[in-house]
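Read the structure below first, then the notes.
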There are 2 protein chains.
Amino acid sequence: MNCVLCHPNVEKVIWKNEKLRVIQVEDVNFPGYFRVIWNDHVAEMSDLDDEDRRMLEKILIEVEKVIRSEMRPDKVNWAQFGNMVPHLHWHVIARFKNDSHFPESIWGIKQREVNSEQLAAWQTSADRCAEVVREKLKQLF
Amino acid sequence: MNCVLCHPNVEKVIWKNEKLRVIQVEDVNFPGYFRVIWNDHVAEMSDLDDEDRRMLEKILIEVEKVIRSEMRPDKVNWAQFGNMVPHLHWHVIARFKNDSHFPESIWGIKQREVNSEQLAAWQTSADRCAEVVREKLKQLF
């Protein structure tokens, strides 16, 4: 099996349990981008049993709540595609009206340049966000 | 308020309750594209209370299950962005290796042309899928 989510190269894991891991995606254009990756190689949400799915959903909501409180984004985007890697993983992304792609999805067409001061400010709050996610999930689970 | 999801023009609603509606999106390139729209003008998943969110998630899973059994897609894609319309709505989309954008998201770069016979075959199974979603949700709720 050559699945990159079964055998990740480098990941910034901020919290994990036996079922899944939460990583901070290092994307210079989108600080505030987190990924929740199911550990087992399953493809779809309906491959999970109800208990596992509820746990995953609870974690996704906690990540969103921390993004909202720490980063005050204009919108939070959620997506799970898995077209390139059919291994269940969720993208949760803080979006800002002045980010490079807004209102397009981050996989769409770039709309503008963003200056480095703005990117650095978002990165600072994203790093704090990652710390708060870690603390929050430690408390909850 | 000019929100197009609060005041939709034309929608093919296949099932609804007092909280949300499930529509079949009429996209010729992506038959098997459903949208689950929260009726109230809320922006984020974490704006819903736990009971409402569980109901929404249950419906999303049922839509996915029917898409899988009726259309046998290569992958199911889920997304909620709301960058253009900050009104909570989910996209659930059957994806096929030979569709126009695979493995890109449907909001990404087109990869190929798809012949009309293939599109018509997907449309037929998508229409059956819509009927099964309707029946299934009627039974469950």
Checklist line | Sequence ranges A:114-124, B:59-69, A:128-138, ranked by mean other-Cβ count within 10 angstrom, highest first | finding: B:59-69, A:128-138, A:114-124
Next item on the list: Over the alpha-carbon set of the protein assembly as shown, divide Rg by the Kirkwood Rh and report the Rg/Rh ratio to two decimals.
Entry: 0.95
Notebook entry, point to check: Can you give the accessible area per residue of the range B:13-134, in Å², using a 1.4 Å probe?
Noted result: 42 Å²
Note to self: How far, in nm to one decimal, is B:S116 from itself in the other copies if the label point is set 7 angstrom along Cα toward Cβ? Shortest first, please.
What the structure shows: 5.4
Check: Where Lys and Arg each count +1 and Asp and Glu each count -1, what net charge lies around B:R21 among other residues with Cβ under 11 Å from its Cβ?
Finding: +2
Checklist line | Built amide H within the under 5 Å cut-off of B:F96, gap 5+ | finding: B:D74
Checklist line | the protein assembly as shown, helix-only ellipticity at 222 nm - DSSP H runs n ≥ 4, -39,500 (n - 2.57), divided by all residues, nearest 500 | finding: -11500 deg cm²/dmol
Check: What residue among B:L20, B:W107, B:H41 has its Cα farthest toward the positive end of the dipole of the range B:13-134, where the charges are +1 on Lys, Arg and -1 on Asp, Glu, each on the Cβ?
Finding: B:W107
Next item on the list: Tell me, for the rotation carrying B onto A, which chain B residue has the beta-carbon closest to the axis and what that distance is in whole Å.
Entry: B:A79, 2
Next item on the list: Distances from A:K12 to the same position in the other copies: list them in nm, one decimal, shortest first, using label points 7 Å from Cα along Cα→Cβ.
Entry: 4.4
Note to self: If you roll a 1.4 angstrom probe over the protein chains with everything in place, what fraction of the accessible area of the range B:13-134 belongs to carbon and sulfur, to the nearest %?
What the structure shows: 46 percent
Item checked: Scattering curve values for the range B:21-141, log₁₀ I(q)/I(0), Debye with Cα scatterers, q = 0.10, 0.21, 0.23 Å⁻¹ -> -0.31, -1.21, -1.36
Checklist line | Environment charge of A:G82, counting only residues whose C-beta is closer than 15 Å and scoring Lys/Arg +1, Asp/Glu -1 | finding: -2
Check: Among all the lysines, which ones have a C-alpha under 18 Å from A:K12's C-alpha, if same-chain residues fewer than 8 places away are not counted?
Finding: A:K136, A:K138
Margin query: At 7 angstrom along the Cα-to-beta-carbon line, where would the label on A:D49 sit relative to the other copies? Give the distances in nm, shortest first.
Written below: 3.0
Check: Between A and B, buried accessible area summed over both sides at probe 1.4 Å, in Å² to the nearest 100?
Finding: 2800 Å²
Margin query: Looking only at Cβ-Cβ distances, which cysteines of the protein assembly as shown have no other cysteine closer than 4.7 Å?
Written below: A:C129, B:C129
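With +1 on the Cβ of every Lys and Arg and -1 on the Cβ of every Asp and Glu, and nothing else charged, how large is the dipole of the protein assembly as shown about its Cα centre, in debye rounded to the nearest 20?
Value, rounded to 20: 40 debye.
The values are calculated or read from the model by the stated rules, or taken from the named source; none is laboratory data. Not measured: the values here are computed from a predicted model. Cβ: placed from backbone, ideal geometry, glycine included. Neighbour counts: every protein chain shown. For the accessible areas, the whole protein counts, side chains as well, though only heavy atoms, and no ligand, DNA or RNA atoms are used. Shrake-Rupley method; radii C 1.70, N 1.55, O 1.52, S 1.80 Å.
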